[in-house]
Amino acid sequence: QVQLVESGGGLVQAGGSLRLSCAASVSIFSINAMGWYRQSPGKQRELVATITSGGSTTYVDSVKGRFTISRDNAKNTVYLQMNSLKPEDTAVYYCNRVAPAWNSWGKGILVTVSS
């Protein structure tokens, strides 16, 4: 069973930056697409950024131009650089495979953006 461990979250003021990391217990080299998801209180989990094995990326409109996803296959790690953070980015962030996601999710990492 794959294990995913997210790290790098915390409390930051609006306009600040954070870099999230996600370490997978399996090789992600052959995984077609990895993604970062987030879930805010009372809302459904949403996919905010994806990256393919070839390095192509997609972003939800609300984070375009502010977030950058990347992957290091040698380290089985996916990153999310978050700049110009807004209070509405406050959420628990998770990483997982995309379409389909693995059944096992990590604990996630809390990002809190204060105004």
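The values are calculated or read from the model by the stated rules, or taken from the named source; none is laboratory data. Since we're looking at a predicted model, the values are computed, not measured. Because the Cβ atoms are built from the backbone with ideal geometry, glycine has one as well, and the counts that use them run over all protein chains shown. Note: areas computed on protein heavy atoms with side chains; ligands, DNA, RNA excluded. Shrake-Rupley method; radii C 1.70, N 1.55, O 1.52, S 1.80 Å.
Using the Cβ-Cβ distance between S104 and S17 with R0 set to 30 Å, the FRET efficiency from 1/(1 + (r/R0)^6) comes to roughly 0.55.
For K43, list the lysines whose Cα falls under 19 Å from its own Cα; do not include residues on the same chain fewer than 8 positions away. Straight-distance partners of K43: K86, K107. Contact order, relative form, for the chain: 37 percent (alpha carbon pairs under 8 Å, 6 or more residues apart, mean separation divided by residue count). Computed over the Cα atoms of the chain, pair by distinct pair, the Kirkwood hydrodynamic radius stands at 13.9 angstrom.
Taking amide H as placed 1.01 Å from N in the peptide plane, G16 has its amide H under 5 Å from the amide H of L85, each at least 5 places away in sequence or on another chain. Couplings 3J(HN,Hα) for the stretch 100-115, derived from phi with the Karplus relation 6.51 cos²θ - 1.76 cosθ + 1.60 (θ = phi - 60°), are x, 6, 5, 5, 8, 10, x, 6, x, 9, 7, 10, 10, 10, 8, 8 Hz, where x marks Gly and Pro.
When you filter the trypsin sites (Lys or Arg not before Pro) in the stretch 1-43 for DSSP loop state and at most 16 other Cβ atoms inside 10 Å of their Cβ, you are left with K43. Annotation: per residue accessible area for the chain equals 53 Å², rounded to a whole number [probe 1.4 Å, protein chains only]. Restricting the calculation to Cα atoms, the stretch 8-60 yields a radius of gyration followed by a Dmax of 13.3, 37 Å. With contacts taken as Cα pairs under 8 Å at a separation of at least 6 residues, the stretch 1-62 carries a relative contact order of 23 percent. Applying the Karplus relation 6.51 cos²θ - 1.76 cosθ + 1.60 with θ = phi - 60° to the stretch 20-32 yields 3J(HN,Hα) values of 8, 10, 9, 9, 9, 7, 10, 5, 9, 4, 9, 6, 4 Hz, where x marks Gly and Pro. Per residue, the convex hull spanned by the Cα atoms of the stretch 68-115 amounts to 99 cubic angstrom. When each of the peptides 66-75, 53-62, 88-97, 8-17 is scored by the mean number of other C-beta atoms lying within 10 Å of its residues, the order from highest to lowest reads 88-97, 66-75, 8-17, 53-62.
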